[in-house]
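What follows is a single structure, written as structure tokens, with notes after it.
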Amino acid sequence: MPLLSALDLCSRLASVCLLDARPDPADYASGHLPGAHHADLNRHLSTACDPGHDAALGGRHPLPPVARFAAQVGRWGIGPATPVVIYDASGGGNAAARLWWMLRALGHEQVQVLDGGLPAAVAAGLPLTADLPSNDVVPPYPADQWRLPLADAEAVEILRHDSTRRLLDVRSAQRWRGETEPFDPVAGHIPGSLNLAWNDNLGPDGRFKSPEALRAQYAALLEGTPSDHLTVHCGSGVTACHTLLALEVAGLLGAALYVGSWSEWCRSGRVMSLNPKARP
């Protein structure tokens, strides 16, 4: 299973590499699980902080070069045999699932997301600390390409016209309908896309729904389309990974990630479904 319960983490704490994927470094500095390294969304998991970053070319959170991320993974002390557990405080949506996807895309198998995140860990009795972890740096992770399916804007333009394939937007229904857009300059969606918000993967307790419930949820949405004919996107390729994680929990494998997502598409001059009354 790609998920780990907080109770199981309590018994494995000394044997795993912990990564804190909360986006705000101040949250990490004020208190994190003992031994956890901070995985910064903007510096480690994307090129958002790079000089000259242009959201029109890859969206607000483009993937970093594989070699750069592989080197960072080594700096966290992670090799091919290292068990890794990732958490955030948003049910995995920001940005634990993104980091899970990136590690899996490097080829790393022993990686799990903490179900329920930091709140579940605290409720289970795990302490917080402001101490910075130490570890032995290891060589860059042995990978030279992303090994999970990816789609770019050109591929999405083609597949959205293909009746055998599906494009899923996991932003909120309000954003998909173009009623509001808090992050990007245009409100709306890619024509032909379906919509099911990423947080519909979670139950009322903030943990993932059961595999059976998730399988039924996506079977109803896809109406017979196989999961390897699905491409998932969001605003900038972060919460889309939460749905890719949910699909794996459900046993529905092979869906692709469109990293650039709406943040790239709406800046590209391509056709869009818009709400002219919406204001960013």
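Readers should treat all values here as calculations from the given coordinates under stated rules, not as data from a laboratory. Please read all numbers here as calculations on a predicted model, not as lab measurements. Note: ideal-geometry Cβ built from the backbone for every residue, glycine included; neighbour counts use all protein chains shown.
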The helix 240-249 Cα axis meets the longest alpha-carbon principal axis of the chain at an angle in degrees, between 0 and 90 and rounded to 10, of 70 degrees
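At 4 °C and 1.567 mPa s, grab the translational diffusion coefficient of region 3-123 from Stokes-Einstein with a Kirkwood Rh over Cα pairs, rounded to a whole number in µm² per second. Display every interim value, and only then the final one.
Values: Rh = 14.6 Å.
D, rounded to a whole number, is 89 µm²/s.
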Under Karplus coefficients 6.51, -1.76 and 1.60, residue-wise ³J(HN,Hα) of region 105-113 in Hz, glycine/proline x: 5, 6, x, 6, 9, 8, 9, 9, 9
Extent of region 150-274 along each principal axis, from alpha carbon coordinates, in Å, largest to smallest? 40, 31, 20
Report the residue, chosen from 269, 93, 74, that carries the largest GNM mean-square fluctuation when the chain is represented by alpha-carbon nodes joined by springs under 10 Å. 269
Amide H of residue 188 versus every other amide H placed in the peptide plane: which residues, excluding those fewer than 5 positions away on the same chain, fall under 5 Å? 178
Where both residues lie in the chain, what percent of DSSP beta bridges are antiparallel, nearest 5? 15 percent
About the Cα centre of the chain, what is the dipole size in debye to 20, counting +1 per Lys and Arg Cβ and -1 per Asp and Glu Cβ, all else neutral? 360 debye
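Counting every Cα pair in the chain, what percent are over 29 Å apart?
On the way: 11999 of 39060 pairs.
Above the 29 Å cut-off, the chain has 31 percent of its Cα pairs.
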Calculate how steeply helix 211-222 sits against the longest principal axis of the alpha-carbon atoms of the chain, using the helix alpha-carbon long axis, and give the answer as 0 to 90 degrees to the nearest 10. 20 degrees
Among 242, 229, 61, which one shows the biggest mean-square fluctuation in a GNM of the chain, springs joining Cα atoms closer than 10 Å? 229
In region 86-236 the DSSP beta bridges are antiparallel at a rate, in percent to nearest 5, of 10 percent
Note, region 62-70: 3J(HN,Hα) by Karplus (6.51, -1.76, 1.60, θ = phi - 60°), whole Hz, Gly/Pro = x, goes x, 5, x, x, 4, 4, 5, 5, 4
Can you sort 98, 160, 207 from fewest to most other Cβ atoms within 10 Å of each residue's own Cβ? 160, 207, 98
In a GNM of the chain with a 10 Å cut-off on Cα contacts, which of 69, 183, 208 has the highest mean-square fluctuation? 183
For residue 38, residues with placed amide H under 5 Å, excluding near neighbours: 20
Binned at 10 Å starting from 0, the alpha-carbon pair-distance distribution of region 163-221 in whole percents comes out as 21, 43, 30, 6
Taking alpha-carbon centroids only, region 29-57 lies from region 123-182 a number of Å equal to 13 Å
Nonlocal amide H pairs with residue 107, under 5 Å, H built at 1.01 Å: 147
